[in-house]
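All remarks here apply to the structure that follows.
Read-outs: derived from the displayed coordinates by stated rules, not from any lab. These numbers come from a predicted model, not from an experiment. Backbone-built Cβ (ideal geometry, glycine too); neighbour counts: all protein chains shown.
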Amino acid sequence: MPGFHELRALSLHLHKKAGKYGQKIAGHASGKMTRNYEADHEDVVWSEAVPDLDISKITG
């Protein structure tokens, strides 16, 4: 499961891909930090997840 920073970085990458610059929404003091978060997401490979939780075992 991705952590907070992975989700944040991916959202900034997608914001950039949409033609926008995310430094302001990210709250970064420097453009260098924003570029760091935006980098290296081109090779993200999505995996299918199969939900196999039986809720009846939790709720009784």
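So, in nm, how far is label I55 from label K17 when the simple model puts each one 7 Å beyond its Cα toward the Cβ?
In this crude label model, I55 to K17 measures out at 3.1 nm.
What full-extension length gain, to one decimal in nm, is calculated for I25 and L10 as 0.36 nm per residue of separation minus the Cα-Cα distance?
Result for the pair: 4.1 nm of gain on full extension.
Any chance you could count the Lys pairs in the chain whose alpha carbons are under 30 Å apart, treating pairs 8 or more apart or on different chains as valid? Please report the intermediate quantities before stating the final value.
Details: K16/K24; K16/K32; K17/K32; K20/K32; K24/K32.
Count of close lysine pairs: 5.
How much length would be gained if the chain were fully extended between D40 and M1, taking 0.36 nm per residue of separation minus their Cα-Cα distance, in nm to one decimal?
Computed gain between D40 and M1 is 12.2 nm.
Helix-only estimate, please: 222 nm mean residue ellipticity of the chain, summing -39500 (n - 2.57) across DSSP H runs of length 4 or more and dividing by its residues, to the nearest 500.
Value at 222 nm, helices only: -13000 deg cm²/dmol.
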